[in-house]
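Asks: Please read through the structure below; I'll follow up with questions.
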């Protein structure tokens, strides 16, 4: 298979009818690493909203089980991207997510914003750092995929077009991003989780590397310091260089989703029905 064969396949698909297939090919074959990194930024952006961070902080999950929360969220998202949302493990993951969310009071507007980040952050990341830019079918496919997921989550008033939802995303961030102590606590817990993946000697560098990937509104909303002056340019250069190198790699023969990676929380495998906060699992067992 030639390097751009899957792109040509995707371009032959209809983003309305074939969005599940497009999402599978794009996230599992074309941009698996970029998708994970972009969704990390997407989730980080949601912590800049006080109403969202307050809920996460109140549960205590991000203070006491940060790695598990990261893994549970990533696995549920990856299961849907891999298998779709209508049957099999993808549907089971969607139902599990709805069960977990059903135990918390979350506004429709906050649901809409989180959903929007799953569409637009990967698009922005890949267009800046990917080995190629996304084609129109991939962008629209992501919109229709997550719109259908959102409808099955019971989210109301999802904007009817790709452009309208993107404008909602931008307006929401402009109006809602502001500093709160809960933002800082949840953001710091996640930052320290990422730093824990590296030897302790590198913790200061990893922290500033994370700051370098955050834009000014995010830094202000978290109350984080600005990164070392040279780091933002260095980080962008390194990521763009990676994209240029990956462009010359042969195409993947097998998909590579987050579900296919050895997991820190569940090194021996996991059951979708067991994902989520321990207190919910205990309640189910009663």
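The values are calculated or read from the model by the stated rules, or taken from the named source; none is laboratory data. Quick caveat: nothing in here was measured; it's all calculated off a predicted structure. Cβ placement follows ideal geometry from the backbone for every residue including glycine, while neighbour counts extend to all protein chains displayed.
Asks: For the stretch 239-268, which residues satisfy the criterion of being within 21 Å of the chain's Cα centre (by Cα), free of Cβ contacts under 8 Å to residues at least 60 places away in the same chain and not in a loop (DSSP other than H, G, I, E, B)?
Replies: 260
Asks: Residue 157: surrounded by fewer than 19 Cβ atoms within 10 Å (Cβ to Cβ), modelled with pLDDT of 95 or more and at positive phi, yes or no?
Replies: Answer is yes for this residue.
Asks: Would you pick out the residues in the stretch 269-283 that are part of a loop (DSSP other than H, G, I, E, B), more than 11 Å from residue 71 (Cα to Cα) and touching a helix residue (DSSP H, G or I) at 6+ places or on another chain (Cβ under 9 Å)?
Replies: Hit for the stretch 269-283 is 277, nothing else.
Asks: Any idea which of (1) in contact (Cβ under 8 Å) with a residue 12 or more places away in the chain; (2) surrounded by fewer than 16 Cβ atoms within 10 Å (Cβ to Cβ); (3) within 30 Å of residue 57 (Cβ to Cβ) is the one residue 128 doesn't satisfy?
Replies: (3)
Asks: A follow-up question, please. What single numbered condition from (1) under 18 Å from residue 49 (Cα atoms); (2) assigned to a helix (DSSP H, G or I) fails to hold for residue 192?
Replies: Unmet condition: (1).
Asks: Looking only at the stretch 198-212, decide whether some residue is within 19 Å of the chain's Cα centre (by Cα) and either part of a loop (DSSP other than H, G, I, E, B) or surrounded by fewer than 17 Cβ atoms within 10 Å (Cβ to Cβ) (or both).
Replies: For the stretch 198-212, residues within 19 Å of the chain's Cα centre (by Cα) and either part of a loop (DSSP other than H, G, I, E, B) or surrounded by fewer than 17 Cβ atoms within 10 Å (Cβ to Cβ) (or both): absent.
Asks: Can you tell me which residues in the stretch 68-105 are in a loop (DSSP other than H, G, I, E, B) and surrounded by 15 or more Cβ atoms within 10 Å (Cβ to Cβ)?
Replies: If the condition is that a residue be in a loop (DSSP other than H, G, I, E, B) and surrounded by 15 or more Cβ atoms within 10 Å (Cβ to Cβ), then 84, 85 are the ones that fit.
Asks: Consider residue 110 carefully, then state whether it is under 15 Å from residue 182 (Cβ atoms), surrounded by 16 or more Cβ atoms within 10 Å (Cβ to Cβ) and either touching a residue at least 12 places away in the same chain (Cβ under 8 Å) or more than 12 Å from the chain's Cα centre (by Cα) (or both). Give the derivation first.
Replies: Values: under 15 Å from residue 182 (Cβ atoms): yes; surrounded by 16 or more Cβ atoms within 10 Å (Cβ to Cβ): yes; either touching a residue at least 12 places away in the same chain (Cβ under 8 Å) or more than 12 Å from the chain's Cα centre (by Cα) (or both): yes.
Taking the combined requirement at face value, the residue satisfies it.
Asks: Follow-up question, since we're still on this one. I'd like the full set of residues that are part of a helix (DSSP H, G or I), in contact with a helix residue (DSSP H, G or I) (Cβ under 6 Å, 6 or more places away or on another chain) and over 15 Å from residue 116 (Cα atoms), limited to the stretch 153-189.
Replies: The answer is 182, 183, 184, 185, 186, 187, 189.
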